[in-house]
Amino acid sequence: MKIQFNNKLEKKLILGTLKLQKFFIYRVIQRTLLLIFPFALFGSFVKIIQTVVIGKEGFLTDVFPDLSNDFIYRQIDNITTGLYNLSLGWISVIAIFGAAKYTAKHFNRDDQLAGITAMSALLIIDYSYSKVQIFSFHPQILGMHGLLLAIILGIFIGWIFKKASRPVPDYAKLGGASSVIERSFISAKPIVISLLIAMLFSTLINVTYYAEAPGNYINALASEYTSKSPLGQLFKTFIFSIYTLVMSFFGWSGTYSSAGTEKMDTLSTVNLNYALNKHTAWNAPNPFTSSALYHAFATFGGTGAVLGLIIAILIVAKDEDFQTVARWAIIPSLFNISSGLMTGIPILFNIIFLIPFILAPIANMTMAALAIQLHLMPPSVYPVPIGTPGPLIAFIGTNGSRQALIFSILAIIISVYIYIPFVKMAIKVKDFDNLSLEEGAN
């Protein structure tokens, strides 16, 4: 199939991606993401109910009747918590199964036992040694935040099966008690090695474990510096650009999500006190904060401003798979929950979407910074409920500024135009080398 290129950048990205997709590890990663997509999508809808609808600080909490002391509320909360924990909250366990399975299968080893061994290894690594809770795990590692670790570990365990076992004979794959026993002995050595390594990592993690470090550290870096001089304000904007770039990269690799992560840092608290005293957000002393720039304009739909990507797909993509994923993912993404979209396209680890995933938030923040600096709109200073739709964050954060709403709509338009050419590139890559068909055949 001959590919038509519109420019040199498109040619380099498409040919580079096609070349990258020939690598075994990249194919394993992409096929694993396609495997976990239905669980991520289901979990994202559950997350809407759990945090946005019935959560204490959710966007729609006040819309529905107050059931805070009601038996029905407790049952709904218990059910949604359980469903979330065993879908999106369990996504890394499913991912490591897929990564180990596809790796072992590639080397003609026992893929089923490799997948099961990998799941056991991840649970051992994630196990929390606690005297308070006898049976507990670190939730960050089991969910989307642990996805990168799970895929790497799954590939590693599949490689251990290659090195420490021999291929399973065809007759042993047909079933029967004797066949199962034979397969178990063939794979016994890599199983033992994998679990021993997992125990070692488990000890190290429980000794050194910490949570939410890139968000906390980078957020502090971007929030503690302030200046009233034009040069200082320019430097402040530059700091936030670096902050956005790093956060976008973490989001692209699955280790960070913007949903529910906004915190009232020191400068945001000063702004809030000013607004409460002056009854206005205009002329707040610290206009460039994470609330005013990053959370208000760079996270529409989730990290990477992916709401623009969904709209771009619905406008220009004729591919049925892209359209289906976009239609299903649009509701969770409105509430800044993008897990289904990230795994269904997929965006995670997809070189084609890395550039717009970083560029769209930076462009939106730059536009917002200019508007605030020129006093065309006030900065966001008021806290907003969890799950507030991206286009409404600045509107609510400024206590109903129409100017903020207009610039939010402009930010969506900017994001859509940034994503459109990359959507077209991704479709060309998919037409030439469709990994979803390969996944569906296995």
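The values are calculated or read from the model by the stated rules, or taken from the named source; none is laboratory data. Predicted model, so just to flag it, every value in this text is computed and none were measured. Here the Cβ positions follow ideal geometry from the backbone for every residue, glycine too, while neighbour counts run over all protein chains shown. Keep in mind that these areas ignore ligands, DNA and RNA; they rest on the heavy atoms of the full protein, side chains included. Shrake-Rupley method; radii C 1.70, N 1.55, O 1.52, S 1.80 Å.
Relative to one another, the C-alpha centroids of the range 308-372 and the range 404-435 are positioned 6 Å apart. For the listed residue pairs K8/K318; K47/K318; K8/K105; K22/K318, the alpha carbons are over 32 angstrom apart in K8/K105. Peptides 43-54, 299-310, 22-33, 7-18, ordered by how many other C-beta atoms sit within 10 Å of their residues on average, highest first, read 299-310, 43-54, 22-33, 7-18.
Here I355 sits with roughly 70 square angstrom of accessible surface, probe radius 1.4 Å. Considering every alpha-carbon pair of the range 1-41, the percent of pairs per 10 Å bin, from zero through the bin containing the longest distance, is 25, 34, 31, 9. At the residue level, R166 shows approximately 130 square angstrom of accessible surface with a 1.4 angstrom probe and all protein chains present.
Legend: translational diffusion of the range 336-429 by Stokes-Einstein, Rh = Kirkwood radius over C-alpha pairs, 4 °C, 1.567 mPa s; D = 89 µm²/s. The fraction of accessible area contributed by carbon and sulfur in the range 295-392 is 71 percent, rounded to a whole number (1.4 Å probe; ligands and nucleic acids excluded). Put simply, the C-alpha atoms of the range 293-397 give a gyration tensor, and the ellipsoid matching it has half-axes of 26, 15, 11 Å, longest first.
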